[in-house]
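The values are calculated or read from the model by the stated rules, or taken from the named source; none is laboratory data. Small disclaimer: the values here were computed from a predicted structure and weren't measured. FYI the Cβ positions are ideal-geometry reconstructions off the backbone, even for glycines, and counts take in every protein chain you see. Areas reflect the complete protein model, heavy atoms only, side chains present, ligands, DNA and RNA absent. Shrake-Rupley method; radii C 1.70, N 1.55, O 1.52, S 1.80 Å.
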Amino acid sequence: MGLAVLRSRALAGLAAPAVTVEVHLANGLPAFTIVGLAEAEVRESRDRVRAAIHNSGFDFPAGRVTVNLAPADLPKESGRFDLPIALGILAASSQLPTSELDRYEFAGELSLSGALRPVRASLAMSYAIHQLGDSQRAFILPKANAAEAALVCDAKIYPAESLLQVCAHFASNDPSARLTRTLPAAYKTTGQYPDFSDVKGQHLARRAMEIAAAGGHSALMVGPPGAGKSMLANRLPGLLPPMSDTESLETAAVQSLGGSFTVEHWGRRPFRAPHHTASAVALVGGGGQPRPGEISLANHGVLFLDELPEFDRKVLEVLREPLESGHITISRAARQSVFPCHFQLIAAMNPCPCGYLGDTRKNCRCTPESIARYQGKISGPLLDRIDMLVSVAALSTDEILRSEVSESSAVIAERVTTARARQHARQQKNNAALSVKEIENVCVPEVDAENLLRAAMNKLQWSARAYHRVLKLARTIADLAQTDVITSAHIAEAIQYRRALSMQS
Ligand SMILES: [Zn+2]
């Protein structure tokens, strides 16, 4: 009797593979079958589509209705296919003209009344459509998703509020019934990061954050409660250079998948601070329809792990691989989802269980055994991947009352940008990302600086990995000083951020 084919998108990790929605009408006993969805989803989708068609003033066809979602082996969350299924039924039963349908893709969940409800990850879908280049189709989707989907420049996004409105777009003779394309708004990042001028004193820790930002280095801050570790960490994104359009798009697409994106966050480097009770899935991602975890939501931004020793050791272990590779693969049954996770790790901990070891204001009450046990909770391999260890002392009353004005983030960020530009001109990447081979090429210290480093290495019994990390740090310190030469002074400062890593002794 009738056939209609429409196009939509599924979700697989950050990808949004194409799905065709075929609707067949045939004579026979009334039946409504959907092939390609899980059974529970089929039931719900059928109910919504049937009611929406009725309540929009159309007829639900009397015979056998068969809907086929292909390919069969893709993960499909049913809601998003309501709109193309309903349109396909109307087209196959000649209640909707078919001539234009092939130039569009569709996604949207229907309410029983026929209103369109938002779907997840519209940005990932419009991004996938956009990648088709000249052959990209226009995209009709729920109004609530339009601003997000239109962030992809050139995407032809047409928002709609109801099934009826979409039908009018294709069927009405009245030009004013056509849907209006959403054009991307120009989103500008303004100074919405907390500012370093709020941080009193803490010259050493501020310097450490500047170095971390300049080279993309990971850092662990050690200091008593209330010393300002969190305050320093959440100001780090404000020191990093503005995101490129590609970085902004990737970051937004991941957040959109996780359901946490709003257009106001466009171009803003993420700062994620999961609680220490977070599970491995919450941290790295997972689930039946795999969702990105905290490390991916922190993509191109900062992941802050406060009270590091309180995290489950097994949870911390899963961080090691993505820290090096910049992506995470989540396997679920036979399917794999890959999420990006280029994050900068900043962690913090107290020096001992009570927090006051080495503090001048209060005495530590911990035993040497409990201190060793506490510090030992962080595994050697993870510690080995942290570039800098930073002591953050509590401020004295004097320092708190002193009314000096600290440097603002904008001033520090300028030095960071200059240092990063030197790195990219030299090696097309941050110093933190240098391989061992690259380190040997671009991090060559002067002779006496080399001697100083070797002496420290022998004395402190470093691994080769630790040695290379000091060289990378020294390279960043020299880049901040705008010099190609790594001197003893640069090495000495870099060693200081490593030496404290033997805190167990
Ligand atoms: Zn203590």
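Using a cutoff of 8 angstrom between alpha carbon atoms and counting only pairs six or more residues apart, the relative contact order for the chain works out to 13 percent. With the whole protein complex present, Glu324 retains an accessible surface near 110 Å², based on a 1.4 Å probe.
If you take every DSSP beta bridge fully contained in the chain, what fraction is antiparallel? Give it as a percent rounded to 5. Before the final figure, lay out each step's value.
Numbers: 28 of 55 bridges.
Taking every DSSP beta bridge with both residues in the chain, the antiparallel ones total about 50 percent.
Taking the 1.4 Å solvent-accessible surface of the chain as the whole, the part contributed by carbon and sulfur is 52%.
Compared with the dominant Cα axis of the chain, that is its longest principal axis, helix 82-92 is turned about 20°. Principal-axis analysis of the Cα atoms of the chain puts helix 203-215 at an angle of about 50° to the longest axis.
Suppose the chain between Ala492 and Leu132 were pulled fully straight at 0.36 nm per residue; how much longer would it get relative to their current alpha carbon spacing? Present the calculation step by step, with values, prior to reporting the outcome.
Working: separation 360, 0.36 × 360 = 129.60 nm, distance 5.24 nm.
Extending this stretch completely gives an extra 124.4 nm.
With R₀ set to 35 Å, the beta-carbon distance separating Ala372 from Glu407 gives a calculated FRET efficiency near 0.40. Accessible surface ranking for Lys143, Lys156, 1.4 angstrom probe, highest first: Lys143, Lys156. Computed as a quarter of the hull surface, the mean projected area of the alpha carbon convex hull for the stretch 283-323 stands at 3.3 nm². The Ala38 and Ala282 beta-carbon pair, evaluated with R₀ = 25 Å, returns a calculated FRET efficiency of approximately 0.50. Taking 0.36 nm per residue of sequence separation and removing the Cα-Cα distance, the Arg465/Val436 pair yields an extension gain of 9.6 nm. If you sort Asp73, Asp198 by accessible surface, 1.4 Å probe, largest first, the order is Asp73, Asp198. Evaluated over the chain, the count of Lys pairs having alpha-carbon atoms less than 30 Å apart is 27 (only pairs 8 or more residues apart or interchain). Using only side-chain charges placed at the Cβ, +1 for Lys and Arg and -1 for Asp and Glu, the dipole size of the stretch 262-418 relative to its Cα centre rounds to 540 debye.
Ordering Thr246, Thr251, Thr483, Thr262 from largest to smallest accessible area (1.4 angstrom probe), what's the sequence? Intermediate results must be reported in sequence, preceding the final value.
Values: Thr246 95, Thr251 5, Thr483 35, Thr262 60 Å².
I get Thr246, Thr262, Thr483, Thr251, largest accessible area first.
Under the simplified labelling scheme, the Ser325-Arg361 pair shows an inter-label distance of 4.4 nm, with each label point 7 Å from Cα along Cα→Cβ.
Take the Cβ-Cβ distance between Asn173 and Ala70 as r, set R0 to 25 Å, and report the resulting FRET efficiency rounded to the nearest 0.05. Provide the component values of the computation, followed by the final result.
On the way: r = 34 Å, r/R0 = 1.36.
Step by step, r from the Cβ atoms, then E = 0.15.
Measuring with a 1.4 angstrom probe and ignoring ligands and nucleic acids, Tyr104 comes out at about 20 Å² accessible. Ligands, DNA and RNA excluded, the heavy atoms of Cys364 present near 40 Å² of accessible surface to a 1.4 Å solvent probe. Taken over the C-alpha atoms, the chain has Rg and Dmax values of 28.1, 91 angstrom. Once the 1.4 Å probe is applied to the protein heavy atoms, the stretch 350-483 comes out at 54 Å² accessible per residue.
For Ala347, the residues whose amide H sits under 5 Å from its own are Ala219, Leu220, Met221, Leu305, ignoring neighbours fewer than 5 places away on the same chain, with H placed 1.01 Å from N.
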